[in-house]
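Read the figures in this text as sums done on the coordinates, not as results from a lab. Keep in mind it's a predicted model, so treat the numbers as computed, not measured.
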């Protein structure tokens with residue numbers, strides 16, 4: 001395996017089919033999508049949806065992490081997926097992708113929302129300033145809960161007047 005150097009990692013809007021393919025694979029083989037039984041075909045279709053923006057963290061031509069952000073959903077800024085390949089976790093790529101999403105979102109809205117289903121993911125988001133705002137029990141699988149998390153820069157109406 002090629003040595004990882006965070007200095008070489010760039011976060012960009014997906015620009016070619018290989019970016020989509022590698023992102024779909026990362027999503028498919030990692031939780032929560034793996035736990036939910038999501039197929040590669042499902043993941044590939046999701047990263048191509050028109051209402052989503054796919055950003056990739058790339059080390060040269062290799063996608064090491066991806067972010068699927070929806071800016072036109074009911075929640076306005078909704079992180080549908082943020083995933084880093086297992087061999088690149090713990091190196092700051094996820095935090096960089098999240099900061100990128102927030103920078104993008106806070107240009108248009110006061111809130112970023114996401115769902116998490118594991119304690120590890122919940123802790124990651126809490127350590128990045130997100131707060132739990134609710135819990136959806138048994139949303140996808142019996143016994144597995146999804147926490148709704150939110151990060152805000154203030155009340156939406158007040159922020160929109162400032163910007």
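Any idea what % of Cα-Cα pairs in segment 4-79 are farther than 15 Å? It would help to have the intermediate numbers written out before the result.
Numbers: 1561 of 2850 pairs.
Roughly 55 percent, rounded to a whole number.
On each of the three principal axes of the Cα atoms of the chain, give max minus min coordinate, whole Å, ordered largest first.
48, 40, 30
Reported to two decimal places, what Rg/Rh ratio describes segment 64-103 when computed on Cα atoms with Rh from the Kirkwood expression? All intermediate terms of the calculation are to be shown ahead of the outcome.
On the way: Rg = 10.9 Å, Rh = 10.6 Å.
Answer for segment 64-103: 1.03.
Given the DSSP H assignment, sum -39500 (n - 2.57) over each helix run of at least 4 residues in the chain and divide by its residue total; what's the result at 222 nm in deg cm²/dmol, nearest 500? Write down the numbers at each step before the final one.
Details: 5 runs with 51 residues, N = 163.
So the calculated ellipticity at 222 nm is -9000 deg cm²/dmol.
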